[in-house]
1. Nearest 20 debye, what's the magnitude of the dipole of the chain about its Cα centre given +1 on Lys and Arg Cβ and -1 on Asp and Glu Cβ?
2. For segment 162-236, what class follows from the C-alpha gyration tensor (a ≥ b ≥ c being the square roots of its eigenvalues): rounded when a/c is under 1.5, otherwise prolate if a/b is larger than b/c, else oblate?
3. For segment 209-266, which whole-number percentage of the solvent-accessible area (1.4 Å probe, protein heavy atoms only) is attributable to carbon and sulfur atoms?
4. For segment 127-135, what does the Karplus curve 6.51 cos²θ - 1.76 cosθ + 1.60, with θ = phi - 60°, yield as ³J(HN,Hα) per residue in whole Hz, taken in order and with x for Gly and Pro?
5. Quick check on segment 1-85: take the gyration tensor over C-alpha atoms, sort the square-rooted eigenvalues as a ≥ b ≥ c, and tell me if it's rounded (a/c under 1.5), prolate or oblate.
6. Where is the GNM fluctuation largest for the chain (alpha-carbon springs, 10 angstrom cutoff): Gly111, Gly136, Gly248?
7. How high is the relative contact order of the chain, in percent, counting Cα pairs under 8 Å that sit 6 or more residues apart?
8. Leaving out ligands, DNA and RNA, what percent of the accessible area of segment 73-113 is carbon and sulfur, probe 1.4 Å?
Amino acid sequence: MMSTADTVAFDVIDGIAWVRFNRPDKRNCMSPTLNRRMMEVLDELEFRDDVGVLVLSGEGTAWSAGMDLKEYFRETEAKGLGATRQAQRESYGWWRRLRWYQKPTIAMVNGWCFGGGYGPLYSCDLAIAAEEAKFGLSEINWGILPGGGATKVVVDLIPMRDAMYHAMTGEAIDGKKAAEWRLVNEAVPLAQLKDRVTEIAKVLLEKNPVALKATKDAVRRVKEMTYDNAEDFLVRAQEAANSYDNDGRKEGIRQFIDEKSYKPGLGAYKRG
Ligand code: ACO
């Protein structure tokens, strides 16, 4: 399935939903129209049986040049407070939706990633960048603070001194530096980016999907918990996962202990 005459393009191939910001002539900056469309696309894909992993990338030279300064800021603000709040809800809404998405998600950062782009970047479970990509909190360069969660994103992901420097200078960093700072998992040359992301997506597609969703949520949830709260939460989260799939883990044990057909330390069990 393909749709390009739109602010968001996507197609589903071999279990992977390739979703793309699709305003390449505007460097994929996020307008209210794009934000509304992205929520619809996420809705459409989330529970489809043929989607096991979602990859978010951008058409053209950008991943996303952040919020659309004309349509999201200037034109929306001109309509008053209600319009501003609505536009914020639409963008924050799909980022939040993506943070807790049913399927594992990978940000494939192919190019420019600025400001508001850090919202969806953080929302994706994993992030793989092109070495050539450029990341920046450019807000300070045009006179605002990094809002829409961007300040929280850098403080959560990178060390304080780097976060402060990044936010105050507005200097862009490349994909290699972003990987060094742990803003992304890794950076590879642009020419290898899609292959590398496909490889990671295939690893995820082999896993038990109930366990994957439980795992990705657990990693985000326990970050804000004490050790004791986390211990308790994880017991309950596993028991809740068992109510959707109580056989997978038993089969995983059986194939290792009885059948000796795989080693859990080295890869996933075969799902029926
Ligand atoms: N908002 C509105 N329009 C934008 C944005 C944006 N964030 N980014 C790019 N565009 C538009 C340009 O105005 C231009 O439009 P035009 O063709 O009608 O003149 C078109 O996209 C192409 O942009 P260029 O600047 O010509 O592209 P170039 O490849 O030379 O530069 C770059 C790319 C570096 C990304 C540059 O466009 C840029 O600095 N964009 C703004 C980045 C930014 O600071 N975003 C906001 C972050 S803060 C926040 O999100 C809250």
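The values are calculated or read from the model by the stated rules, or taken from the named source; none is laboratory data. What you are looking at is a predicted structure, and each value in this text was computed from that prediction instead of being measured. For neighbour counting, all protein chains shown are included, and Cβ atoms are generated from backbone atoms with ideal geometry for every residue, glycine included. In case anyone asks, the SASA skips ligands and DNA or RNA and just uses the protein heavy atoms, side chains included. Shrake-Rupley method; radii C 1.70, N 1.55, O 1.52, S 1.80 Å.
1. 240 debye
2. oblate
3. The value for segment 209-266 is 56 percent carbon and sulfur by accessible area.
4. Result, ordered by residue: 9, 10, 10, 6, 4, 7, 4, 10, 10 Hz.
5. In terms of gyration-tensor shape, prolate.
6. Gly248
7. In percent, rounded to a whole number, it is 14.
8. Roughly 51 percent, rounded to a whole number.
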